[in-house]
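The numbers here are math on the coordinates, done by the rules we state, and not lab data. Quantities reported herein were computed from a predicted structural model and do not represent experimental measurements. FYI the Cβ positions are ideal-geometry reconstructions off the backbone, even for glycines, and counts take in every protein chain you see.
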Amino acid sequence: MSGIENIGTLFNPKGVVVVGASTHPGKFGFVALHNILSSGFTGPVFATNPNKPEILGIQTLERIQDVPSGEADFAMICISPDKIITALPELAKIGITSAFVVSGGFKETGEKGEALEKQLIAKAQECGVIIAGPNGQGLVSTPVNLCSQIVSPYPPTGDISIASQSGNILSALMNLSRLSNIGIARAISVGNQGQITIADYLDYYLYDSETAVAIIYVEGTPDGRRFYESLKSLASRKPVIVIRGGATESGAIAAASHTGSLASDFSIFAAMVKQAGAFLVDEVGSAFNLAATFSTQPLPRGNNVVVMTTAGGWGVLTADAISSTTLELLRLPDDLKTSIDSLLPPRWSKNNPVDLAGGETRDTIPELLSVLLEHNSVDSLIFLGLGIQGNVARSYFESSFANEGTDRMAKFHESQEKRYADSIIAATRKYRKPVLVSSELSIADPSNLGPKTLRDNGFLCYISPSDAVQCLSHLVNFAQTQNR
Amino acid sequence: MSEFSSKKLLHEYGLSITNEFVVKNADQAVEAAKSLRYPVVAKLSSAKIQHKTELNGVRLGIQNSKELEVAIRDLETIGSDVNEFLISEQIQGKREFIAGYHIDDAFGPVLMFGLGGIFTEILSDVNFRLVPCERREIENMINELKASLLLGPFRGEGEVSMQHMIDALVSIADCGLANPEIVSIDVNPIIISNNKPIAVDALVMKS
């Protein structure tokens with residue numbers, strides 16, 4: 001492997017120096033220091049500024065050599081590009097082994113910048129410092145409470161790791177992490193990939209015990225074969241979701257060759273991702289939801305799914321969505337039908353989707369969940385209709401007609417919603433089978449106790465059943481490759 | 001490389017090709033056709049001529065020696081540098097595919113397979129795999145195509161063996177990988193005849 005060996009120090013530094021800290025809250029050198037301090041980084045934090053001001057309660061140091069040697073091994077570099085090359089030997093001297101270069105003005109600006117970037121990397125190699133970036137937003141590493149970036153947000157802790165060729169896409173994924181409360185382990189804006197490339201981060205995520213799932217955003221892959229090998233190695237052990245920018249860009253066409261004219265960049269890229277065993281997704285939200293699915297659900301043993309619904313139309317659409325995947329809408333075995341009969345009035349659908357048709361009473365939903373998941377022929381379950389009672393509760397609480405009676409009913413509805421969500425979480429854990437819940441109320445009313453309870457416990461509530469079906473189908477496909 | 005030598009090379013790696021001969025004139029053509037079965041096909045043959053169809057250099061459905069003589073004389077009128085002809089058996093089949101190999105700038109050696117015939121470009125039902133790769137990956141490449149349905153029983157023709165299809169594609173990849181000077185291989189069309197894939201035309205390009 002031609003990769004970089006010690007990427008681990010980027011994500012697990014013992015101490016951090018912000019080079020070029022600023023007193024101005026609008027400057028990168030301030031934002032970076034602020035984020036590192038406010039995320040509560042576990043090690044010592046130093047900052048340099050030639051005027052030695054106190055910033056955010058930290059006494060800054062005039063020169064890099066004033067930082068006590070051996071206390072910090074990672075530098076967040078926010079100074080102008082021409083100054084970085086002279087700073088590198090000084091950083092190496094105090095024990096820095098890895099650095100993130102935020103500064104722009106390199107390859108992205110043209111020939112002159114490209115030459116400067118080459119000098120930067122050559123100097124870094126000479127000094128034994130590995131360089132992430134340049135021209136990137138920074139990195140996040142929640143296992144050590146590190147938010148070393150010049151933008152927001154800082155996501156909750158989890159096991160999804162990201163490497164992105166776009167800073168904005170990285171932020172978007174972390175915003176979705178905050179929204180859903182499904183956390184991130186490592187996240188890096190790879191910038192110009194002057195030295196460390198996306199393939200190197202993939203290699204690191206393979207051995208990183210904090211990482212269970214990876215998402216990458218790529219626009220171009222100059223060293224495509226190396227990228228493929230790294231992607232394949234990682235995808236054989238952990239699910240990898242790939243978002244590709246520039247899908248419509250037409251490829252270089254090999255003249256006179258038929259094969260060349262049919263082979264666009266994207267068609268080969270798409271086939272390569274499949275061959276590597278990773279998942280190509282064309283949208284950021286779907287990419288996050290798929291990663292969140294892998295992060296939170298157990299792997300199913302097979303492709304037989306049961307849809308359980310208190311909402312008829314959603315059940316029909318879900319069955320339609322299932323029919324265009326490799327999932328199998330389980331034909332209910334007779335013994336399972338008999339068990340359901342004992343829990344529901346005769347008007348239930350007698351079929352899959354299991355439509356309760358309003359026949360549920362106080363304990364029906366938790367009991368039915370157990371009966372379905374306990375059965376050997378059921379590999380996974382999609383649950384629809386969470387939050388409907390909570391929605392009635394909300395309108396009672398907000399009502400100008402509210403009285404003791406409506407309040408009592410609203411509270412009962414709320415407690416039922418919480419019970420449903422709790423029983424879904426408990427059943428997923430007890431039976432080790434995926435249970436995917438879809439309800440638009442997760443965004444329409446984030447305080448609804450059904451979706452909110454799922455969110456508080458780090459479970460995803462999908463907004464549409466077709467999204468849940470897609471995610472479950474990929475979960476089944478990945479499980480099958482793991483069993484091979 | 002000429003069509004004839006391209007196919008001969010691919011055949012060395014296991015690809016089934018048409019029975020054919022290179023001849024210099026009509027007499028030799030008639031002689032060669034004796035060991036083939038009519039109808040036969042006559043084409044211009046030269047490493048320099050890559051677009052036979054554009055030059056109107058292909059004669060199909062030649063039924064007997066008389067028609068063959070006429071066809072060769074006709075082809076001779078196309079240009080003064082025309083001095084070789086390819087006489088091959090005419091393969092009958094309703095199902096046409098296209099296969100290829102090229103060195104991609106980013107990903108290196110890539111194998112292609114897809115729907116052939118007149119709809120190739122417009123439907124663009126083609127798929128790729130980086131090679132070398134396992135046979136299972138080549139099977140996936142075939143199965144991911146809409147056109148893979150054509151490998152089942154089709155309009156009176158039988159099912160095509162998946163193993164034969166994989167063998168054909170592996171032989172193209174092997175040929176490319178074993179010869180580093182090869183930059184691309186086009187096999188167009190591959191026609192399914194007696195339920196087996198046969199390369200009817202091919203073009204190997206070297207750097």
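A few remarks follow.
- Annotation: Cα Rg of the stretch A:1-137 relative to the compact-globule expectation 2.2 N^0.38 Å equals 1.00.
- Remark: mean inter-chain Cβ contacts per residue of A:219-227 equal 3, using a 10 Å Cβ-Cβ cutoff to other protein chain atoms.
- Inter-chain shielding of B:181-188 (mean C-beta neighbours from other protein chains, 10 Å cut-off): 3
- Shape category assigned to the stretch A:340-413 from the gyration tensor of Cα positions, a/c cut at 1.5: prolate
- Counting only DSSP beta bridges with both residues in the protein assembly as shown, the antiparallel share comes to about 50 percent.
- The peptide list A:225-234, A:323-332, put in order of mean Cβ contacts within 10 Å with the highest first, becomes A:225-234, A:323-332.
- Computed from the C-beta positions of A:D335 and A:T406, the FRET efficiency with R₀ = 30 Å rounds to 0.10.
- The stretch A:154-210-the stretch B:137-207 distance, computed between alpha-carbon centres (Å): 40
- Those residues of the stretch A:316-339 whose amide nitrogen sits under 15 Å from the label point placed on A:K350, 7 Å along Cα→Cβ: A:332-339
- Span per principal axis, largest first, for the Cα atoms of chain A (Å): 80, 69, 35
- Take each residue of peptide B:130-136, count the partner chain Cβ atoms within 10 Å of its Cβ, and average: the result is 2.
- Listed peptides B:69-76, A:212-219, B:31-38 by packing density, highest first (mean Cβ within 10 Å): A:212-219, B:69-76, B:31-38
- Listed pairs B:K94/B:K146; A:K27/A:K107; A:K83/A:K107; A:K337/A:K418; A:K337/A:K452; B:K24/B:K52 exceeding 25 Å between Cα atoms: A:K337/A:K418; A:K337/A:K452
- Length gained on full extension, A:R63 to A:K83: 5.9 nm, using 0.36 nm per residue less the C-alpha separation.
- Cα pair distances of the stretch A:79-170 binned at 5 Å [whole percent]: 3, 12, 22, 21, 18, 13, 8, 2, 0
- Each peptide in A:63-69, A:355-361 was scored by the mean count of other Cβ atoms within 10 Å over its residues; highest first, the order is A:355-361, A:63-69.
- Taking every DSSP helix (H) stretch of at least 4 residues in the protein assembly as shown, weighting each as -39,500 (n - 2.57) and dividing the sum by the residue count yields a mean residue ellipticity at 222 nm of -12000 deg cm²/dmol.
- Rule-of-thumb Rg ratio for the stretch A:152-296 [Cα; 2.2 N^0.38 Å; N residues]: 1.05
- Distance from the alpha carbon centroid of the stretch A:323-338 to that of the stretch B:1-39 works out to 57 angstrom.
- Calculated FRET value between A:S342 and A:V392, using beta carbons and R₀ = 25 Å, to 0.05: 0.35
- Hull volume in cubic angstrom per residue (convex hull over the Cα atoms of the stretch A:299-483): 112
- Centroid-to-centroid separation of the stretch A:350-429 and the stretch A:218-237 [C-alpha atoms, Å]: 44
- Overall form of the stretch B:1-88 per C-alpha gyration tensor (a/c, 1.5; a/b vs b/c): oblate
- Spin-label model, B:N56 to B:N25: label points 7 Å out along the Cα-to-beta-carbon direction sit 2.5 nm apart.
- Counting Cα-Cα pairs of chain B in 10 Å increments starting at 0 gives whole-percent bin shares of 8, 34, 34, 19, 4, 0.
- Karplus-based coupling profile of the stretch A:348-365, in residue order and whole Hz: 5, 4, 6, 7, 10, x, 7, 9, 6, 6, x, x, 7, 10, 2, 9, 4, 5, with θ = phi - 60° in 6.51 cos²θ - 1.76 cosθ + 1.60 and x standing for Gly or Pro.
- Angle between chain A longest axis and helix A:388-398 axis [Cα atoms, degrees, rounded to 10]: 80
- Span-like helix ranges in chain B, DSSP H, alpha carbon extent 20 angstrom or more, Kyte mean at least 1.0: B:162-178
- P(r) tail for the stretch B:148-207: Cα pairs beyond 16 Å make up 50% of the total.
- Shape analysis of the stretch A:1-79 based on the Cα gyration tensor places the equivalent ellipsoid semi-axes at 23, 14, 12 Å, largest first.
- Rg [Å, one decimal], Dmax [Å, integer] - the stretch B:95-206, C-alpha atoms: 13.3, 43
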